[in-house]
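Report on the structure given below.
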Amino acid sequence: MFIKGFKASLTLVAFIIMSACTNASVEQDLRPQPITAQPAPTTNTQQAVNQVAGQTANPTALAPQATPTPSQNVAEAQLQQQANQQVQSTGLADTTQPTVASLTPTAPAQVPSIDASKALSFLPFEGAPQNKATSFNRFLNTTAQTNGLTVFPPTRSGAKYKVKGYFSALNDGTGTLLVYVWDVTDSTGKRLHRINGRERTGTSRSDPWQAITDREIQRVAATTTAKLKSWIDRRS
């Protein structure tokens, strides 16, 4: 009887021990495990990630630029000068730069020589006041050019014909009469031709020349140069 009770006690103890072991194992399996930190990626791994993301830095762009030494500057200048000389020798120089030839002034255009065989010169007038003589000179030069006459100034030599003018202003009772005579001479003073005429104005003054205006003087000049042109052409 005692033996049976002892066996039953052993069996109960064994059951308790097995239960305890089983619970301990289950608790150990169910206990949260500590998270172990992963090691940082290696340099090669990080570069691969950067390349995929397009963020890999250019090592040469970050590298400090070396400061050229004076000897390097001189060498570069010599190389540049040699290159420029080679370009010029091969005819490939920049054509936009002006050459010496393009800056050389061109020769002036040839002016046709004046035919002095038909040139004439007006000598100082007689009988006209200075202000009227100035107007005569102005209009004579203008109308002579219109008629194709070559006129030399009185101080210039070489004109084939000399033209001497004589003027007179007279009151005729109803107005003023301007009378003129032109003598054409050669270089020796010999008279070759004479032109005479008159112009009339309806105004009278105590001094007849005050009644003579530029209108009458211009008509005298136009008539005179036209007759001179006709006479010179007939002699040619």
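The values are calculated or read from the model by the stated rules, or taken from the named source; none is laboratory data. Values in this document were obtained by computation on a predicted structure and should not be read as measured data. Note: ideal-geometry Cβ built from the backbone for every residue, glycine included; neighbour counts use all protein chains shown.
Under the condition of being of a type outside the set (A, V, I, L, M) and either touching a strand residue (DSSP E or B) at 6+ places or on another chain (Cβ under 8 Å) or crowded, with 16+ Cβ neighbours inside 10 Å (or both), which residue from the stretch 130-146 is farthest from Ala226 (Cα to Cα)? Show your work before the answer.
Initially, the stretch 130-146 is screened for residues of a type outside the set (A, V, I, L, M), giving 130-132, 134-139, 141-143, 145-146.
From what is left, the residues that are either touching a strand residue (DSSP E or B) at 6+ places or on another chain (Cβ under 8 Å) or crowded, with 16+ Cβ neighbours inside 10 Å (or both) are 132, 135-137, 139, 141, 143, 145.
Values: Lys132: 20, Ser135: 18, Phe136: 15, Asn137: 15, Phe139: 13, Asn141: 12, Thr143: 8, Gln145: 11 Å.
Among them, the one singled out is Lys132.
Could we say that Gly202 is more than 19 Å from Asn137 (Cα to Cα) and touching a Gly at 6+ places or on another chain (Cβ under 7 Å) here? When the stated conditions are applied, Gly202 passes them. Can you work out which of the residues in the stretch 163-202 that are within 23 Å of Ile232 (Cβ to Cβ) and in contact with a Pro (Cβ under 9 Å, 6 or more places away or on another chain) is surrounded by the fewest Cβ atoms within 10 Å (Cβ to Cβ)? Applying the filter and picking the extreme gives Lys164.
So that you can scan it fast, the table gives a plain yes or no per residue for (1) aromatic (Phe, Trp, Tyr); (2) under 12 Å from Leu123 (Cα atoms); (3) part of a strand (DSSP E or B); (4) in contact with a Cys (Cβ under 9 Å, 6 or more places away or on another chain):
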position: Ala144; (1), (2), (3), (4): no, no, no, no
position: Pro154; (1), (2), (3), (4): no, yes, no, no
position: Gly165; (1), (2), (3), (4): no, yes, yes, no
position: Ala169; (1), (2), (3), (4): no, no, yes, no
position: Leu192; (1), (2), (3), (4): no, no, yes, no
position: Ile195; (1), (2), (3), (4): no, no, yes, no
position: Gln210; (1), (2), (3), (4): no, no, no, no
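The single condition among (1) in contact with a helix residue (DSSP H, G or I) (Cβ under 8 Å, 6 or more places away or on another chain); (2) among the small types (Gly, Ala, Ser); (3) modelled with pLDDT of 95 or more that Ser204 does not meet is (3).
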